[in-house]
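Colleague: Before I ask anything, let me first share the structure, which is written out below as C-alpha cells.
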There are 2 protein chains.
Amino acid sequence: MQQRADFLTVSTSDLDAARAFYRDGLGWQPLLDVPGEILFFQIGHGLVLGLFDAHAFDRDLEGDPTAPENAAPVPNAPAAPAGFTLSHNVSSPEEVDQVVERMRAAGGTVRKPPQTAAFGGRHGHVLDPNGVLWEIAHNPGWSVDPDGTVRLEAVESAE
Amino acid sequence: MQQRADFLTVSTSDLDAARAFYRDGLGWQPLLDVPGEILFFQIGHGLVLGLFDAHAFDRDLEGDPTAPENAAPVPNAPAAPAGFTLSHNVSSPEEVDQVVERMRAAGGTVRKPPQTAAFGGRHGHVLDPNGVLWEIAHNPGWSVDPDGTVRLEAVESAE
C-alpha cells in the first residue's frame with residue numbers, strides 16, 4: 001500500500017455554514033459543490049478536502065442496510081469532527097496572526113490564540129463553523145522541496 | 001489564505017500500535033519518529049500525517065496553562081479521532097479488496113467490507129489501531145494531472 005492520502009472527508013453538520021466560511025469568507029474555490037450533500041475543495045497537490053453532510057457521511061459508511069455484508073446499524077447522531085488538526089503553514093510569525101484573524105473574521109472561532117509553539121515557531125488554532133480544527137503555523141524547521149518532498153527537523157519535545 | 005493543508009495531525013492513544021501498523025505492517029517509511037510523542041509519515045506531495053500522542057495533542061492545543069492568553073483547562077480524557085475519513089485511491093476494483101485485506105492483516109479492523117460505492121466505484125473502510133478511518137476506493141471519476149490538479153466528476157447522490 002502506497003503511503004498516500006487523496007481525500008480528507010469530514011462529517012459536516014452545516015454545509016451552508018461551511019460554504020459561507022471557506023468559499024465566501026476565505027475566498028476558496030470549490031472543486032465540486034453538491035448542495036445538501038458534499039462540498040469539495042482542493043487543498044494541496046492531488047489532495048481534496050470533502051465537507052460531507054453528517055448524515056450522508058454516516059449512511060455512506062454504513063452502506064446499504066439491506067446488503068448482507070452491512071450488519072451495523074446507522075447511529076442516531078452523527079459523529080462530530082474530533083481528535084485531529086489540519087495545519088496550514090505560513091512563511092512568517094506575523095502571518096500566523098494575520099491568517100488567524102482572517103479566519104476569525106470569516107466566521108471561525110479562535111481556539112488557541114497565536115503564541116510561541118513547542119516546536120520552536122509560532123502558531124494559533126481556529127475552529128471552522130463545524131468544529132474542524134485548523135492550526136496556522138510558522139515552523140522554521142519545515143520546508144517542501146519542489147518535487148513535494150517534505151523536510152522536517154526534529155521537533156522540540158513539549159515535555 | 002491559500003487553500004492548502006500541510007499537515008494532518010491525529011490524536012493517537014497508542015503510538016506503538018500506530019508504528020506497528022503503518023511502519024511494520026504496511027511498510028511505510030517514517031519521516032520523523034519521536035518515540036512517546038509523535039510519529040510522522042509523508043502521505044502526499046508536501047503532505048504529512050502526524051500521529052501525535054493523545055495527551056501531548058491536548059497539551060499542545062491548550063498551550064502553557066500559566067500563560068494569560070490560555071484560559072481553557074486541559075480536559076481529562078483526550079478526544080478520540082472521529083468524524084473524518086482519509087481516502088486512499090487505487091486503480092482498480094480488485095485493488096480495493098487487496099488493500100483492505102493488507103490493512104486487516106497489518107492490524108486494522110474492517111469497518112465496511114469492500115462493496116459498490118454510491119459514487120459509482122468500489123470502496124471499503126478500515127480503522128487503524130487508534131480508530132483512524134481509512135477508505136480504500138476505486139473512483140473512475142477521479143484523476144490527478146501531473147501538476148497536481150484534481151479532476152472529479154460529479155458524484156452520484158446517495159439519496
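The values are calculated or read from the model by the stated rules, or taken from the named source; none is laboratory data. Values in this document were obtained by computation on a predicted structure and should not be read as measured data. Every residue, glycine among them, receives a Cβ derived from its backbone with ideal geometry; neighbour counts consider all protein chains shown.
Colleague: Scanning for something in contact (Cβ under 8 Å) with a residue 40 or more places away in the chain and part of a strand (DSSP E or B), does the stretch A:142-158 turn up at least one residue?
Modeller: Among the residues of the stretch A:142-158, at least one is in contact (Cβ under 8 Å) with a residue 40 or more places away in the chain and part of a strand (DSSP E or B), which makes the answer yes.
Colleague: Sticking with this structure for a sec: Out of everything in the stretch A:1-22 that is more than 9 Å from every other protein chain (Cβ to nearest Cβ) and of a type outside the set (A, V, I, L, M, F, W, C), what residue ends up being nearest to A:PRO78 (Cα to Cα)?
Modeller: A:SER13
Colleague: List pairs: first residue in the stretch B:76-103 and without any contact (Cβ under 8 Å) to a residue 12 or more places away in the chain, second residue not aromatic (Phe, Trp, Tyr) anywhere in the structure, Cβ distance under 7 angstrom, at least six positions apart or on different chains.
Modeller: Pairs that qualify, where the first residue is without any contact (Cβ under 8 Å) to a residue 12 or more places away in the chain and the partner is not aromatic (Phe, Trp, Tyr), are B:GLY83/A:VAL10; B:GLY83/A:SER11; B:GLY83/A:ALA79; B:GLY83/A:ALA80; B:GLY83/A:PRO81; B:GLY83/A:ALA82.
Colleague: Report the residue count in the stretch B:83-120 for those that are closer than 20 Å to A:GLY46 by Cβ, surrounded by 19 or more Cβ atoms within 10 Å (Cβ to Cβ) and more than 10 Å from chain A (Cβ to nearest Cβ).
Modeller: 1
Colleague: Mind listing just one residue for me: the one in the stretch A:35-57 that is part of a strand (DSSP E or B) and not aliphatic (A, V, I, L, M) and, of those, surrounded by the most Cβ atoms within 10 Å (Cβ to Cβ)?
Modeller: My answer is A:PHE52.
Colleague: Regarding B:THR85, is this residue polar (S, T, N, Q), at pLDDT below 95 and either under 26 Å from A:GLY131 (Cα atoms) or assigned to a loop (DSSP other than H, G, I, E, B) (or both)?
Modeller: So B:THR85 fails the test.
Colleague: Would you mention how many residues in the stretch B:80-130 are touching a helix residue (DSSP H, G or I) at 6+ places or on another chain (Cβ under 8 Å) and polar (S, T, N, Q)?
Modeller: Result for the stretch B:80-130: 2.
Colleague: Run down B:GLY120, B:GLY107 and say which single residue is outside any strand (DSSP E or B), farther than 30 Å from B:ARG59 by Cα and in contact with a Pro (Cβ under 7 Å, 6 or more places away or on another chain).
Modeller: Just one listed residue meets the conditions, B:GLY120.
Colleague: Another question about this same structure. Identify all residues within the stretch B:5-22 that are out of contact with any Phe, Trp or Tyr (no Cβ under 9 Å at 6 or more places or on another chain) and either β-branched (Val, Ile, Thr) or within 21 Å of B:ASP60 (Cβ to Cβ) (or both); write none if there are none.
Modeller: Residues satisfying the conditions are B:SER13, B:ASP14, B:ASP16, B:ALA17, B:ALA18, B:ARG19.
Colleague: I need the full set of residues from the stretch A:8-23 which are closer than 18 Å to A:HIS88 by Cβ and either in a helix (DSSP H, G or I) or of a type in the set (Asp, Glu) (or both), in order please.
Modeller: Result: A:ALA18, A:PHE21, A:TYR22, A:ARG23.
Colleague: Only residues that are in contact with a strand residue (DSSP E or B) (Cβ under 6 Å, 6 or more places away or on another chain) and either among the charged types (D, E, K, R) or at pLDDT below 95 (or both): list them for the stretch A:122-151, please.
Modeller: A:ARG122, A:GLU135, A:ARG151
Colleague: Please work out which one of (1) within 7 Å of chain B (Cβ to nearest Cβ); (2) farther than 23 Å from A:ASP58 by Cα; (3) at pLDDT 95 or above is the condition A:GLY25 fails and give its number.
Modeller: Among (1) within 7 Å of chain B (Cβ to nearest Cβ); (2) farther than 23 Å from A:ASP58 by Cα; (3) at pLDDT 95 or above, the lone unmet condition for A:GLY25 is (1).
Colleague: For the stretch A:28-40, give me each residue that is among the charged types (D, E, K, R) and within 9 Å of another protein chain (Cβ to nearest Cβ).
Modeller: Once the filter is applied, which keeps residues that are among the charged types (D, E, K, R) and within 9 Å of another protein chain (Cβ to nearest Cβ), the stretch A:28-40 yields only A:GLU37.
Colleague: Moving on. All but one of (1) more than 10 Å from chain B (Cβ to nearest Cβ); (2) under 23 Å from B:ARG151 (Cα atoms); (3) modelled with pLDDT under 95 hold for A:ASP60; which doesn't?
Modeller: (1)
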